[in-house]
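Asker: Below you'll find the structure I mean.
The values are calculated or read from the model by the stated rules, or taken from the named source; none is laboratory data. Quick caveat: nothing in here was measured; it's all calculated off a predicted structure. In this analysis, Cβ positions are derived from the backbone assuming ideal geometry, glycine residues included, and neighbour counts consider all displayed protein chains.
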């Protein structure tokens with residue numbers, strides 16, 4: 001197990017994407033967090049800008065006869081949040097799942113390109129190799145998520161003042177479970193790459209799944225369930241990435257459900273990998 005894991009880590013350390021993707025994530029999340037901070041921040045200098053914009057919008061409304069259209073837009077500035085933790089979990093950018101999709105596609109491509117899964121992997125028990133693969137992706141998923149957290153916290157110090165931090169333990173647990181849910185989703189992308197024996201196919205499916213098309217389809221089906229079956233059931237509740245979007249901060253039941261959902265997908269991953277291995281042998 002240690003040798004397989006060491007080989008995985010060595011290959012990852014040699015890939016440029018391993019280092020570039022977290023840096024890209026940090027910059028992207030920081031910029032998005034700064035945008036949110038500008039819109040909802042309560043720092044004195046931010047409030048002064050909000051007031052100046054609102055005053056200018058009111059003058060333009062009066063002069064152009066827009067009936068308060070611009071003034072209503074300026075009312076979007078500012079926000080009421082109980083704590084920094086509440087603000088971060090409310091405005092948290094989860095779209096870095098796409099970064100994980102790209103990572104696992106590069107990872108799967110490198111495995112196939114250098115023949116690792118066909119040569120070295122066969123020396124060891126297949127389950128050991130799959131566990132090593134899952135652990136590497138788990139570590140990377142947590143790195144990406146906590147890079148997000150660091151970027152969001154850094155931006156919040158710029159745009160917010162005098163706000164209590166909130167429950168630090170619940171915030172860390174929230175991001176930890178979010179990382180695990182993203183990990184479960186990333187495992188499905190790896191499984192798709194192995195099933196189709198083509199990392200490109202896996203990444204296309206992963207991007208579509210986490211994109212607008214599937215989100216719209218889920219929304220339509222959720223509405224259909226509500227109308228026809230008279231139920232509050234939502235497809236988001238059975239999809240790790242989808243549930244991470246609606247998981248509630250500082251909610252024990254929500255956290256437990258997230259862990260259970262991720263565990264189910266991990267089991268599906270190992271069963272799927274076993275079936276793919278039998279297919280390849282046959």
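Asker: If you go through the stretch 24-44 one residue at a time, how many are in a helix (DSSP H, G or I) and under 9 Å from residue 160 (Cα atoms)?
Answerer: 3
Asker: What number of residues in the stretch 209-248 are closer than 22 Å to residue 179 by Cα and modelled with pLDDT of 75 or more?
Answerer: 12
Asker: OK, next. Residue check: is residue 147 out of contact with any strand residue (DSSP E or B) (no Cβ under 9 Å at 6 or more places or on another chain) and closer than 13 Å to residue 96 by Cα?
Answerer: Values: out of contact with any strand residue (DSSP E or B) (no Cβ under 9 Å at 6 or more places or on another chain): yes; closer than 13 Å to residue 96 by Cα: yes.
Yes, satisfied.
Asker: Can I ask one more? Among the residues in the stretch 166-178, are any modelled with pLDDT under 90, buried (at least 16 other Cβ atoms within 10 Å of the Cβ) and closer than 23 Å to residue 149 by Cα?
Answerer: Yes - at least one qualifying residue is present in the stretch 166-178.
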